[in-house]
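Reading through the structure tokens given below for one structure.
The values are calculated or read from the model by the stated rules, or taken from the named source; none is laboratory data. As the structure is a computational prediction, the values presented were derived from the model and not from experiment. Note: ideal-geometry Cβ built from the backbone for every residue, glycine included; neighbour counts use all protein chains shown.
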Amino acid sequence: MPELFITGIALFYAWLFGLAAWHKFTALAYYEAVVRDMLSTAPGFRFISDRTTRFFVIAIATMEACLALALIIPGFYSTTLIGSAVLLLLYASVLAWQLQLGRNGMDCGCAGPASGVVMNGKLVVRNLFLALPAVLVLFPIVQQPFSILFGALSVTIAAFAIAIYSCSEQLIANSQSAIALGLTPPRTLSRVN
């Protein structure tokens, strides 16, 4: 895999986790409520204190910020991209667990407090797809000398990934709004005989 693509993907993940950390640090009370709500279904966490919840949110935001910063350091791509995939898969697992418990429609905290996106299967699938580009680091990386063209193309790849992510986030939000307004019936999987 050309280093150019790996660098672009790393820049995209740096943006994604940097934005996620920013949302958490600037809206601690909102994320504390989201985490408290999610943990209320976990055995042993039902009576978690506000202080512990705040610590947990700050720890998650700090981890995302550190990952975002590490992703812009070229020598750490292998580790940080795998770490990105693991974190996205962990988030997908938490969402799937909440959906399994019947908590469809619960606020998930995805894309910040102003997004209005609630938990559903589309977010699980989105996170699974977000984790996929990180596995490219498992293939041999073809080293390339850094140049202005290399940098510009890497930034272009990252910008394209950001645009795709933003569009998918907006499509999910629009779909949820249309269903909430009764404009379209919710789709369900059914067997065809």
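Against the conditions (1) in contact (Cβ under 8 Å) with a residue 12 or more places away in the chain; (2) surrounded by 13 or more Cβ atoms within 10 Å (Cβ to Cβ); (3) out of contact with any Gly (no Cβ under 9 Å at 6 or more places or on another chain); (4) of a type outside the set (A, V, I, L, M, F, W, C), residue 120 satisfies every one except (3). Exactly one residue among 84, 166 is without any contact (Cβ under 8 Å) to a residue 12 or more places away in the chain and not acidic (Asp, Glu), and that residue is 166. Within segment 147-154, can one find any residue that is closer than 25 Å to residue 3 by Cβ and in a loop (DSSP other than H, G, I, E, B)? Yes, segment 147-154 contains at least one residue that is closer than 25 Å to residue 3 by Cβ and in a loop (DSSP other than H, G, I, E, B).
When you look at residue 117, is it over 14 Å from the mean Cα position of the chain (by Cα) and either within 30 Å of residue 155 (Cα to Cα) or of a type outside the set (Val, Ile, Thr) (or both), yes or no? No, not satisfied.
Looking across segment 114-127 at every residue that is part of a loop (DSSP other than H, G, I, E, B) and at pLDDT 80 or above, the one that is nearest to residue 178 (Cα to Cα) is identified as 117.
Checking every residue in segment 140-151 against the condition of being surrounded by 15 or more Cβ atoms within 10 Å (Cβ to Cβ), more than 24 Å from residue 20 (Cα to Cα) and without any contact (Cβ under 8 Å) to a residue 60 or more places away in the chain gives zero matches.
Residues are listed down the side, and each one gets a yes or a no for (1) part of a helix (DSSP H, G or I); (2) within 16 Å of the chain's Cα centre (by Cα); (3) among the hydroxyl-bearing types (Ser, Thr, Tyr):
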residue: 19; (1), (2), (3): yes, yes, no
residue: 36; (1), (2), (3): yes, no, no
residue: 41; (1), (2), (3): no, no, yes
residue: 62; (1), (2), (3): yes, yes, yes
residue: 68; (1), (2), (3): yes, yes, no
residue: 82; (1), (2), (3): yes, yes, no
residue: 93; (1), (2), (3): yes, yes, yes
residue: 99; (1), (2), (3): yes, no, no
